[in-house]
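Read the structure below first, then the notes.
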Amino acid sequence: MLETRLAAFFRARLPDFAFEFLAFGIKQAWASLYAGLMLALILGSKFVWQPDWALARYDFLLLAAIILQGSLLLLRLETPREAAIILIYHVVGTLMEIYKLRMGSWSYPEPGLFKLGGVPLFTGFMYACVGSFMVRAIRIFDMRFAPYPAPWLTALLAGAIYLNFFTHHFIWDFRYLLMAATLVLFARTRITFTPSRQTFWMPLPLAALLTAFFLWVAENIGTLTGTWHYPGQKEWALVSLSKLGSWYLLLFLSFVLVTIVHPPRAPDPPPHPRPQT
């Protein structure tokens, strides 16, 4: 098997930590397959698409997203149950997109046939990319979580985060209190993950912050290609770092949704030593 041969080749030539780091990078890329392909399509289509083509770029991205999602299922890279929770995440993201568009938080300048409330339908798949990454990463890295807060507390936090994305336009923005709540609930929660043979751990809030940074980078690619605009972005500029906090909170909402499919598992207990005879 090619995977086994490659692993044996690099393991024989690299120190253990270097090999684990390489395995981590490869598995991260594999978990990000759907998100990476969608980002490549957004970036690539910007440079080749012509305004007079019969198919609008937004509609092409929707078609491509559907084909990619179907391919993951056909190739058994995602299970039907995982796809179901990603669909829920798609709906949750689309509803927020419609509301945010009406509040003027951002805009979609290009034409497209398949829009709902002015929002191109492919954008729901951009949210689904996050859900796809999370469910695949949990499975690929055999992630374990301990200690994990009570499910009703995490559900309450997720609901408050989602509600705040809507209500902060009218009342005080509770994002900083919600960020503090993530630390209160999850500061002790360790994610253990296994790139190859060794198991490592990371505090869950730190993992969310690092992932939020990469989503912020992806968002800058989206604005660089003009796929969406923020108010005042007549010329491209870095997306405000305040969006990093928004992605950080959204990841906790995402994680709670994903736990519907992958209930958090604690690490396996260490094996008991055999009694000596």
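The values are calculated or read from the model by the stated rules, or taken from the named source; none is laboratory data. On a predicted model such as this, the values are computed, not experimentally measured, just so you know. A quick note on method: Cβ atoms are made from the backbone with ideal geometry, for glycine too, and the neighbour counts reach across all protein chains shown.
What to note about this one:
- For beta carbons closer than 9 Å, sequence separation of 6+ or different chains, a first residue in the range 74-91 that is outside any helix (DSSP H, G or I) and modelled with pLDDT under 85 and a second that is surrounded by fewer than 21 Cβ atoms within 10 Å (Cβ to Cβ) and small (Gly, Ala, Ser), the qualifying pairs are LEU77/SER71.
- ALA180 vs. criteria small (Gly, Ala, Ser) and under 23 Å from ALA35 (Cβ atoms): no
- Here HIS262 fulfils each of the conditions (1) buried (at least 17 other Cβ atoms within 10 Å of the Cβ); (2) at pLDDT 85 or above; (3) of a type outside the set (Gly, Ala, Ser) apart from (2).
- Residue match in the range 1-17 (condition: of a type outside the set (D, E, K, R), closer than 30 Å to ALA65 by Cα, assigned to a helix (DSSP H, G or I) and at pLDDT 85 or above): no
- Annotation: of all residues in the range 197-236 being among the aliphatic types (A, V, I, L, M) and at pLDDT below 90, the one that is surrounded by the fewest Cβ atoms within 10 Å (Cβ to Cβ) is VAL217.
- Selection from the range 141-155 of residues that are surrounded by 14 or more Cβ atoms within 10 Å (Cβ to Cβ), closer than 10 Å to PRO264 by Cβ and not small (Gly, Ala, Ser): MET143, ARG144, PHE145, TYR148, PRO149, THR154
- Within the set LEU157, LEU178, LEU185, the sole residue that is within 26 Å of ARG81 (Cβ to Cβ), of a type outside the set (S, T, N, Q) and in contact (Cβ under 8 Å) with a residue 60 or more places away in the chain turns out to be LEU157.
- Any hit, the range 58-70, residues being touching an Asp or Glu at 6+ places or on another chain (Cβ under 6 Å), within 23 Å of VAL217 (Cβ to Cβ) and in a helix (DSSP H, G or I): yes
- Residues (among the aliphatic types (A, V, I, L, M) and surrounded by 19 or more Cβ atoms within 10 Å (Cβ to Cβ)) located in the range 102-129: VAL119, LEU121, MET126, ALA128
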